[in-house]
Amino acid sequence: MNTKFIRSEEVAEGTMAFHFEKPTEFHYKAGQSIDLTLVNPPETDAEGNTRAFSLSSAPSEEGFMISTRMRDTAFKRVLKTLAPGAALTFEGPFGSMTLHNDLTKPAVFLAGGIGVTPFRSMAVQAANDKAPHTIFLFYSNRRPEDAAFLKELMALESANANFKFIGTMTNMKDSKQPWTGETGYIDGAMLKKYLGDLNAPIYYLAGPATMVAAMRKMLNDNGVNDDYIRAEEFSGY
């Protein structure tokens, strides 16, 4: 499918969001991803001109949005310098990282860094739909400065009474911003503090591969069956 670039914005230190036109024939579920391709870019590298991105926009929003850490690669250098109206192509949607149907089970999102992108999509859509699901989002970053969509996600609590945001920072000594939320890594004790019975929810994990593996092990060690864990690894950013 064809699309056009609209605008970009910084959503955290070193993290950009890119907005594109949404073709009328393109439909996706919150939490899904696309493969985005640059058209005749001025430079390329061995990784090619296509990258997979979770959609950080919700289906109810105008256009669609991807968000990414800005590494110094040919793809991201070109992406950062796109002019409004620039043409791109994409394929999708892909993935099954979508909200489950069983309303008796809370949804627990465990995000590390830019892994929050599918959860931003799901949380915004749930608020828009007035979804009856109970949703908890645990979001781990080194500092508030590194946390994409932090203020927006915190504000979603007031838009959706069924949504609870738990941010946690692991390196506040390097932060210049105040933080009154949780600190330290997401662990069993933190989950029990907010969830009580760890076997009640369905868990969704997204972030760097090492973080996803650690979260899965932590859940397993606390008696959570893999049948109730859905995971998506973000490699390379």
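Laboratory data are not the source of any read-out in this text; all were calculated from the coordinates shown. What you see is a predicted model, and the numbers here were worked out from it, not measured in a lab. All Cβ positions, glycine included, derive from the backbone under ideal geometry; neighbour counts span all protein chains shown.
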task: Work out from phi, with θ = phi - 60° and the Karplus expression 6.51 cos²θ - 1.76 cosθ + 1.60, the ³J(HN,Hα) of each residue of the range 196-202, listed in order in whole Hz, and give x for Gly and Pro.
output: x, 6, 6, 8, 7, x, 9
Karplus (6.51, -1.76, 1.60) ³J(HN,Hα), θ = phi - 60°, over the range 110-119, in Hz, Gly and Pro reported as x: 10, 10, x, x, 5, x, 6, 4, x, 6
task: State, to one decimal in nm, how far the label point of Thr180 lies from the label point of Asn225, with both points 7 Å from Cα in the Cβ direction.
output: 4.1 nm
field: Cα gyration tensor shape of the range 12-108, rounded if a/c is under 1.5, else prolate or oblate by comparing a/b with b/c
entry: prolate
- request: Would you kindly derive the ³J(HN,Hα) couplings of the range 120-137 from the backbone phi angles with the Karplus curve 6.51 cos²θ - 1.76 cosθ + 1.60 (θ = phi - 60°), listing them in order in whole Hz, with x for Gly and Pro?
  value: 4, 4, 5, 5, 5, 5, 4, 5, 4, 7, 6, 4, x, 4, 7, 10, 10, 10
- prompt: Between Lys76 and Met154, what is the spin-label point distance in nm, taking each point 7 Å from the Cα along the Cα→C-beta axis?
  reply: 2.5 nm
- request: Measure out, as a whole number of angstrom, how far apart the alpha-carbon centroids of the range 192-220 and the range 92-130 sit.
  value: 14 Å
- request: Report, by chain and number, residues whose modeled amide H sits under 5 Å from the one on Arg230, excluding near sequence neighbours (fewer than 5 apart, same chain).
  value: Tyr203, Tyr204, Leu205
task: For the pairs Lys29/Lys217; Lys151/Lys217; Lys29/Lys193; Lys105/Lys130, note any where the Cα-Cα span goes beyond 19 Å.
output: Lys29/Lys217; Lys151/Lys217; Lys29/Lys193
- request: Could you check what % of the DSSP bridge pairs in the chain are antiparallel, to the nearest 5?
  value: 50 percent
Nearest-0.05 FRET efficiency for Glu13 and Thr44, computed from C-beta distance (R0 25 Å): 0.40
- prompt: Amide H to amide H, which residues 5 or more places from Ile166 or on other chains are under 5 Å from it, using H placed in the peptide plane?
  reply: Leu137, Phe138, Tyr139
- prompt: Listed highest first by mean packing, meaning other Cβ atoms within 10 Å per residue, what order do 167-179, 1-13 come in?
  reply: 1-13, 167-179
